[in-house]
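Worksheet: one structure, shown below.
Coordinate-derived values only; no laboratory data. Keep in mind that this is a model prediction, so the values were computed, not measured. As a convention, Cβ positions derive from the backbone with ideal geometry for all residues, glycine included, and neighbour counts pool all protein chains shown.
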Amino acid sequence: MSASKTAVLVLGSAGRMGALVAEKVRSNPYCALAGAFDLKSSGDAELKRDLEPALKSAGAIIDFTTPAAGVAHAVLCAKHKKPLVIGTTGFNSGQLTLIKKLSRGTPVFLSPNMSPAVNLTIAVARLMAARLPDFDVRVSEIHHKFKKDSPSGTALKYQARIKEVYRGEVPITSVRAGDIAGEHTVLYAGPYERVELTHRAHSRAVFAEGAVRAALWLKDQKPGLYDYFDLLNLKNI
């Protein structure tokens, strides 16, 4: 492997997103695939035996698994001080607290949506809510029928960022249908006018590419918990 390439380990490689991430790692000129693991294709004992040696040689790890597996992988990455990108969603508050604690010892990039553009719209949504305090604000989202978490992590992030600056309620409406990759709309409704801010993902490939971009950025960061607001310098918008 070329010294200029980052060895990236993909966890959850048998899933839709994990398989796409592995594909994007292989095709990225700055990456090399250090390994691809999934419980679906290798039993639990085999995974535990083979994962840690592969992790030691990796420059960054990308996780698209389940909340329980994601936390277990975060513990391993913290043990070996390896940068970890987590695209898994559906974590509970206790799991999120543990991930935040583990990030004190190694850089962790945690984002419910790996699209740079959707994260930019989240920043814009917060700005609009701050400037339109008398408008009603509503979030709606549509995903494919196999998506397990509802509301989506992205919709919850829109809601959380908006509520930092907006005093009213911000309800979320969720739909699960067909093979829709992802669509999010924030509605601002006031007297005599309304604004709709919408992001539509045409393919899951955008999330895979975003995860690889995050891994290449994260490998040069100090320990801490990061997301696309850090990568895109959106904190002050």
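A few remarks follow.
- Magnitude of the charge dipole for the chain, about its Cα centre and with charges confined to Cβ atoms of Lys, Arg (+1) and Asp, Glu (-1), is about 540 debye.
- You can think of it this way: the chain between K5 and D136 has 42.3 nm of extra reach, that is 0.36 nm per residue less the Cα-Cα gap.
- Remark on region 116-201: Rg and Dmax equal 12.6, 38 Å (Cα only).
- Gaussian network model of the chain, Cα within-10 Å springs - most flexible of I162, I86, I61: I162
- Charging the Cβ of each Asp and Glu at -1 and of each Lys and Arg at +1, and nothing else, the dipole of region 116-201 about its Cα centre rounds to 240 debye.
- Between V75 and H202, residue separation times 0.36 nm minus the direct Cα-Cα distance comes to 42.4 nm.
- Helix axis angle, 16-27 relative to the chain longest principal axis, alpha carbon, degrees: 60 degrees
- Tilt relative to the chain, helix 67-80 - C-alpha long axis, 0 to 90 degrees, to 10: 50 degrees
- Entry note, region 116-201: relative contact order of 38 percent, from Cα contacts under 8 Å with a spacing of 6+ residues.
- Structure remark: mean-square fluctuation, Gaussian network model of the chain, C-alpha springs under 10 Å; the largest value among A201, A189, A34 belongs to A189.
- Subset of K56/K79; K100/K147; K24/K101; K82/K148; K82/K157 violating a 18 Å alpha-carbon distance limit: K100/K147; K24/K101; K82/K148; K82/K157
- As a proxy for reagent exposure, H80, H199 were ordered by neighbouring Cβ count within 10 angstrom, fewest first; the result is H80, H199.
- The residue list P191, A68, V170 was ranked by how far each Cα lies along the charge dipole of the chain toward its positive end, using unit charges on Cβ atoms, and A68 comes out on top.
- For the chain, the share of DSSP beta bridges that are antiparallel, to the nearest 5, is 40%.
- Principal axis analysis of the Cα atoms in the chain yields extents of 61, 38, 35 Å, listed in decreasing size.
- When you restrict to C-alpha pairs under 8 Å that are six or more residues apart and normalise by the size of the chain, the relative contact order lands at 22 percent.
- The simple spin-label model puts a point 7 Å past each Cα toward its Cβ; for Q95 and A160 those points are separated by 1.4 nm.
- Computed from label points 7 Å out along Cα-Cβ, the spacing between V195 and A14 is 4.7 nm.
- Near H80: Cβ cut-off under 10 Å, other residues only, Lys/Arg at +1 and Asp/Glu at -1. The net charge is +3.
- Between helix 205-218 and the chain: long-axis angle, C-alpha atoms, 0 to 90°, nearest 10: 70 degrees
- Taken one residue at a time, the phi angles of region 108-125 give Karplus couplings (6.51, -1.76, 1.60, θ = phi - 60°) of 10, 10, 10, 9, x, 9, 8, 7, x, 5, 5, 5, 5, 5, 5, 5, 5, 4 Hz. Gly and Pro are set to x.
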